[in-house]
Amino acid sequence: MKILCIGRNYADHIAELKNERPTEPVIFLKPDTAILKNNDPFYHPDFSQDIHHEVELLLRICKEGKHIEEKFAASYYDKIGLGIDFTARDLQSKAKEKGLPWDIAKGFNGSAPISEWLELSDIRDINSIDFHLEVNGETRQKGNNELMIWNFDEIIAYISKFFTLKIGDIIFTGTPAGVGKVNIGDKLEGFIREKKMLDFEVK
C-alpha cells in the first residue's frame, strides 16, 4: 500500500506558513514504514529539532482505479480516519531553500500515526466533518472538510490521473491552521467530532 498526502488544502494553513496558494493539489508520498498504529508512542527523532504536528482526515481506498471521474470518486473509499502528518520543519525548510526534495522531512519512520477507521455509515454528513487535535489538553488545530480547497472527490480524481489507486491505500487530505512544534512528554489526542480517535505520547 501507499500513503498519498495532499498539501496546502486549507487556505488558513497556507497563510500561516506564508506559502503560495496552488492552482492544483500538491501531492507528496510517505512510505508504509511511516505508519504508526494502535496509539503507539511517537519517538522524537534526534535528526530534527522542530517536529510539527499536522492533523488530517484520512480516506481508505476500497477498490482499484485510475483516471477516475469525479462523479464516481465517492465509490473508491469506504472508511474515514484521523492521522498526523508529522513534519521535520527544519529539514523541510532547509531543502526548500535549496530547491531540493523534502521526502525525509515528511516520510521518516513513525511520521504517520493513524487511527482506527470509521465506516461511512457512522458519519452523519460526509461533507461536513469536524475534527481537532489537542496537545496536553489544549486545542491546537480545528478543521472541517467544508473548508478544504479541494474536496474528497476532487482529490481522488486528481490523484488517480498520476497514480493507480489500490485497495488499502491511504490518502491524507490536508491540515488546517494551528500546526506547531511537539516536544518529548507531550500528549496528543485527536478527535472526529466528539469521538476520540488518537491518544498517544511523544517520547
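The values are calculated or read from the model by the stated rules, or taken from the named source; none is laboratory data. Because the structure is predicted, anything quoted here is derived from the model rather than measured. Cβ sites come from the backbone with ideal geometry, for glycine too, and all protein chains shown count toward neighbours. Protein only, heavy atoms only, side chains kept; ligands, DNA and RNA dropped before computing areas. Shrake-Rupley method; radii C 1.70, N 1.55, O 1.52, S 1.80 Å.
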Check: When only Cα pairs under 8 Å and 6 or more residues apart are kept, what is the percent relative contact order across the chain?
Finding: 35
Next item on the list: Mind pulling up the Rg/Rh value for segment 1-81? Radius of gyration and Kirkwood radius, both on Cα.
Entry: 0.99
Check: To the nearest 10 square angstrom, what accessible area does W117 show with a 1.4 Å probe?
Finding: 70
Next item on the list: Compute log10 of I(q)/I(0) for the chain with the Debye formula, placing one identical point scatterer on every Cα and leaving out solvent, at q = 0.10, 0.11, 0.18 Å⁻¹, to two decimals.
Entry: -0.38, -0.46, -1.35
Item checked: Hits among aspartates and glutamates - C-alpha to C-alpha of K96 under 17 Å, sequence gap 8 or more where chains match -> E16, E20, D50
Check: Which value in deg cm²/dmol, rounded to the nearest 500, describes the helix-derived mean residue ellipticity at 222 nm for the chain, given -39,500 (n - 2.57) per DSSP H run of n ≥ 4 and division by the residue count?
Finding: -3500 deg cm²/dmol
Notebook entry, point to check: Suppose every K and R has +1 on its Cβ and every D and E has -1 on its Cβ; what is the size of the dipole of the chain about the Cα centre, in Debye to the nearest 20?
Noted result: 440
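At 1.4 Å probe size, put I126, I51 in order of accessible surface, largest to smallest.
Working: I126 45, I51 0 Å².
So, going from the largest accessible area down, we get I126, I51.
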Margin query: If you wrap a convex hull around the alpha carbons of segment 46-105, what volume per residue comes out, as a whole number of Å³?
Written below: 134
Check: Looking at the chain, which longest stretch skips every one of the GluC sites (Glu not before Pro) that is in a DSSP loop with at most 15 other Cβ atoms within 10 Å, leaving the sites themselves out?
Finding: 117-193
Check: With every protein chain left in place, what is the accessible area of L147 in Å² (1.4 Å probe, nearest 10)?
Finding: 110
Margin query: If you filter segment 38-107 for trypsin sites (Lys or Arg not before Pro), then keep DSSP loop positions with at most 14 other Cβ within 10 Å, what is left?
Written below: K63, K66, K98
Next item on the list: Report the net charge of residues surrounding D186, where surrounding means a beta-carbon distance below 13 angstrom and charges are Lys +1, Arg +1, Asp -1, Glu -1.
Entry: -1
